[in-house]
1. Could you tell me how many of the residues in the stretch 335-391 are in contact with a helix residue (DSSP H, G or I) (Cβ under 7 Å, 6 or more places away or on another chain), open to solvent by 20 Å² or more (accessible area, probe 1.4 Å) and among the polar types (S, T, N, Q)?
2. Does the stretch 394-414 contain at least one residue that is under 27 Å from GLY34 (Cβ atoms) and crowded, with 22+ Cβ neighbours inside 10 Å?
3. Please tell me if ALA389 is outside the structural domain of ASP27 (by TED's automatic domain parsing) and touching an Asp or Glu at 6+ places or on another chain (Cβ under 8 Å).
4. Please state which of the following conditions HIS294 fails to meet, knowing it meets all the rest: (1) within 14 Å of the ligand (Cβ to nearest atom); (2) modelled with pLDDT under 95.
5. Please determine, by comparing only the residues of the stretch 59-80 that are of a type in the set (A, V, I, L, M) and in a loop (DSSP other than H, G, I, E, B), which one is nearest to ILE216 (Cα to Cα).
6. Looking at this structure, is GLN95 surrounded by fewer than 20 Cβ atoms within 10 Å (Cβ to Cβ), at pLDDT below 95 and touching a Gly at 6+ places or on another chain (Cβ under 8 Å)?
7. Quick one: how many residues across the stretch 211-228 are within 16 Å of the ligand (Cβ to nearest atom) and in contact with a His (Cβ under 8 Å, 6 or more places away or on another chain)?
Amino acid sequence: MSYILGNAVITDGYSTLMKNGALEISDRKIAKIGKTEQVKKKGVKFYDLKGRLVLPGLLNGHHHLYSALATGLAPIGPTENFQQILENLWWHLDQSLDIETCYYSALSGLLQSIQFGVTTVFDHHASMNVISQSLNSLKIAFLETNLKGLLCYEISDRMGKEAVKEQLEENIRFYEEHKGNSQIQGLMGLHANFTLSNESMSLIAQQKPSDMPIHIHCGEDKADFDFCVAHGKAGPVDRLHAFGLLDRNSLLAHCIHLSEKDYDLITSVKPVVISNPESNANNNVGMMNTDRIHDYVLGTDGMTGNILGTLRSLFLLRNGKIENPLDILFRRPANVIQRFFPQAGTLKERFDADIAVTDYVPVTPISLDNLFYHLIFGVQGQKMYMTIANGTILWEKGEFKTLNEGKIRQEVHEAVHKLYTVYHE
Ligand SMILES: [Zn+2]
């Protein structure tokens, strides 16, 4: 099946921007990119985008799909500090999930991601009373929606030693079963340094396949930093490094409370740093130091599925000052996605057709030099006009095209009832 998206402003976000451009999509790939009159041809369905701005499908570098059904859920106790936010909301929620509510949380979160043009999600999963096979329930939601994902289960000491072993096994099982998969792969999920004893860290280091990257909350709150110092390390990155867990493909979320040695390790090893500005503001944990960390991608940390909205928040939180915003949103994500899915992450011929068509028609001059401002003030983090993953049009003009939204919403509604009943017991 082939079709053409034409009469559009097409950009990969960092190296090219073409006006009156078109994309031919064929057999799940981008077959051709060029001027509309060159690409348009008889017999192939043509979508006239009427001047809309077309972007690569976006990356959410750190998500918690398990939290997608928590909107408006009241914590069970005070949330005055970071530890209380975890204990009285997130940890209580993840202990209330079963295999079915894991699936519906993931599906709900992915539906929202699609609406905002996100086609790749790096998820960090927790469901402490259902560990084994839990990642498969998320995988089903990814397969149904067509999105790409890196999945992991967050290992934490909070449920005891036996649970740590089961969490470790779930990560390794999923990783081994999905090596080289073109849509879903596994990582080693760690909650954070401060919830992992030296004994647990050693066990993870011993059992982790050497080429399996980690995904961890790193220096999110000062408590994480203090824990590492109390355990004889310079900080959270240094502790990961000391256990042999840090490498170029490590996903480090937050990176706010770090030591000089931690920054030096990030500079030399170059792991993937994911900043989550809306979550950090919400939890009042501080902001990542962008004078020390220049190369990063954005995540939502479970707050929303909206990455362009997150970029806009970052812009406002930093009083209009972000260095190299197009690198953060496009160049670096393309590079990171291609480590796992070599033919994805950008708009190029023969690459996977993962595409976000904004519902924005630029009426003022647009170029790579001012694209960022068109995104912040024009697109504004609104829902997309069209979202395409692996060549399939998932979302168009406010409707899901491959999923029965009404039926899903009804099932989700029932899952929410079950989840909230357990949560409040
Ligand atoms: Zn997180």
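1. 1
2. The answer is yes; a qualifying residue exists.
3. Details: outside the structural domain of ASP27 (by TED's automatic domain parsing): no; touching an Asp or Glu at 6+ places or on another chain (Cβ under 8 Å): yes.
So ALA389 fails the test.
4. If we test HIS294 against (1) within 14 Å of the ligand (Cβ to nearest atom); (2) modelled with pLDDT under 95, just (1) comes out false.
5. Here the residue is ALA68.
6. no
7. Number satisfying all stated conditions: 8.
Conditions tested, residue by residue: (1) within 12 Å of ILE355 (Cα to Cα); (2) small (Gly, Ala, Ser); (3) open to solvent by less than 20 Å² (accessible area, probe 1.4 Å).
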{"residue": "ILE4", "(1), (2), (3)": "no, no, yes"}
{"residue": "SER15", "(1), (2), (3)": "no, yes, no"}
{"residue": "GLY21", "(1), (2), (3)": "no, yes, yes"}
{"residue": "GLY34", "(1), (2), (3)": "no, yes, yes"}
{"residue": "GLU37", "(1), (2), (3)": "no, no, no"}
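The values are calculated or read from the model by the stated rules, or taken from the named source; none is laboratory data. Given the structure is predicted, the values throughout are model-derived calculations rather than measurements. Using ideal geometry, Cβ is built from the backbone for each residue, glycine included, and neighbour counts are taken over all protein chains shown. SASA here: full protein model, heavy atoms, side chains in, ligands and nucleic acids out. Shrake-Rupley method; radii C 1.70, N 1.55, O 1.52, S 1.80 Å.
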